[in-house]
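First comes the structure, then the notes that go with it.
The values are calculated or read from the model by the stated rules, or taken from the named source; none is laboratory data. Since the structure is predicted, the reported quantities are computational estimates derived from the model, not experimental observations. In this analysis, Cβ positions are derived from the backbone assuming ideal geometry, glycine residues included, and neighbour counts consider all displayed protein chains.
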Amino acid sequence: MIYDFWRMVWQENCFSIVMITKLVEVGRMKCCKYWPDDTELYGDIKITLLKTETLAEYTVRTFAMERRGYPAKHEVCQFHFTSWPEHGVPYHATGLLAFLRRVKASTPPDGGPVVVHCSMGAGRTGCYIVLDVMLDMAECEGVVDIYNCVKTLCSRRINMIQTEEQYVFIHDAILEACLCGETAIPVNEFALTYKEMLKVDTQSNTSPIREEFQTLNSVTPHLDVEECSISLMLRNREKNRSMDVLPPDRSLAFLVTAEGEGSNYINAALADSFLRPAAFVVTPHPLPGTTTDFWRLLYDYGCTSVVMLNQLNQSNSAWPCLQYWPEPGLQQFGPMTVELLTRTADDDVIIRLFRVQNITR
């Protein structure tokens, strides 16, 4: 079967493969690993991995493809979208739209068809293809026709859109793409573009950057009570500095280190960087009753840096921001001991180095 797959890629002169599934999801194999980590022969076809680019939401692998008896060879790029959730659809379409644009920009116009697959070749695959077709239609004709696009696609392959949730997601994604457009700016053009964005139009009394921010607010989903159910549990409410700033359940950083009868909740959310998923832990300044949880959090997630962007004892705070570290010496916080090792300061930054240990291990 793997040989047949690569034979199809060779036969159709495909330059791009779009993969929208992990190899394993919910403990079940969804797709076999049909590519090598170095070089491998699949029948008479040799595939060599040339490079791998790993980002927070997707990975790009570049392969050299050769076939015995044929002098020609060409490169094939596999675009592997890794942030589609195991259940349902992505919470927002921003990452998938950026991924789709990357695929389109990287695929040569004279190449063969783009191979798109998930686990079954339906559902996620259909969502991706409909988005691709509709974005082209919107750009070329100024209209979109999602209904007939899905209808046509389903006449080619069954269950290309499997659920109402997927159908709604396609509409949300197209809406975001049409409202926001392409917002990426080349680095060498950023200074000039930013200068233009700040210019205020005398008739409308607004600027491009203000309009962009208003658009951003209009397309950003607002969290509802059901999405923050863990933060709103009675036993967890006192651990929130403000009931207006709560992490959604899907992004929570749960505590692992046990501490008596305490819960595993802390008001902290995981956020991606450009290169890594869950590269940041976003949390408020610890409350007097959550200081131990804060140090448990740092230990559990292997955090080596804490960036503090507020002052202690802010007078305008509903709860004072108290010092949560020992200075000088060593202090115990539940199962954790924290020791200040060094302190350096300049005009803008204070850097403290701590040793954090779990005394139960």
- request: Report whether or not Pro108 is at pLDDT below 95, under 30 Å from Ile2 (Cβ atoms), part of a loop (DSSP other than H, G, I, E, B) and not aromatic (Phe, Trp, Tyr).
  value: yes
task: Tell me, please, whether a residue that is modelled with pLDDT of 95 or more, part of a strand (DSSP E or B) and aromatic (Phe, Trp, Tyr) can be found in segment 2-14.
output: no
field: Residue that is surrounded by the fewest Cβ atoms within 10 Å (Cβ to Cβ), among those in segment 157-191 that are of a type in the set (D, E, K, R) and over 23 Å from the mean Cα position of the chain (by Cα)
entry: Glu164
message: With closer than 25 Å to Ser83 by Cβ, free of Cβ contacts under 8 Å to residues at least 24 places away in the same chain and not aliphatic (A, V, I, L, M) as the only criterion, which of Asp145, Asp136, Asp132 stands out?
response: Asp136
- line: Cβ pairs under 7 Å, 6+ apart or interchain, first in segment 77-100 and over 26 Å from Pro113 (Cα atoms) and modelled with pLDDT under 95, second crowded, with 17+ Cβ neighbours inside 10 Å and of a type in the set (S, T, N, Q), ordered by first then second residue, are none
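Could you tell me which of the residues Val133, Val143 is surrounded by 17 or more Cβ atoms within 10 Å (Cβ to Cβ) and either farther than 23 Å from Thr59 by Cβ or modelled with pLDDT of 95 or more (or both)?
On the way: Val143 fails: surrounded by 17 or more Cβ atoms within 10 Å (Cβ to Cβ).
When all the criteria are applied, what remains is Val133.
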query: Consider Leu223 against the criteria (1) more than 22 Å from Thr183 (Cα to Cα); (2) at pLDDT 90 or above: it satisfies all of them except one. Which criterion is unmet?
result: (2)
task: Identify the residue in segment 304-325 that is at pLDDT 95 or above and closer than 18 Å to Gly289 by Cβ and, among all such residues, is surrounded by the most Cβ atoms within 10 Å (Cβ to Cβ).
output: Tyr324
task: Test Ala184 against the criterion of being within 19 Å of Tyr91 (Cβ to Cβ) and either at pLDDT below 95 or in contact with a Pro (Cβ under 9 Å, 6 or more places away or on another chain) (or both), and give yes or no.
output: no
message: Quick check on this structure: which one of Lys195, Lys199, Lys151 is at pLDDT 95 or above and loosely packed, with under 10 Cβ neighbours inside 10 Å?
response: Lys195
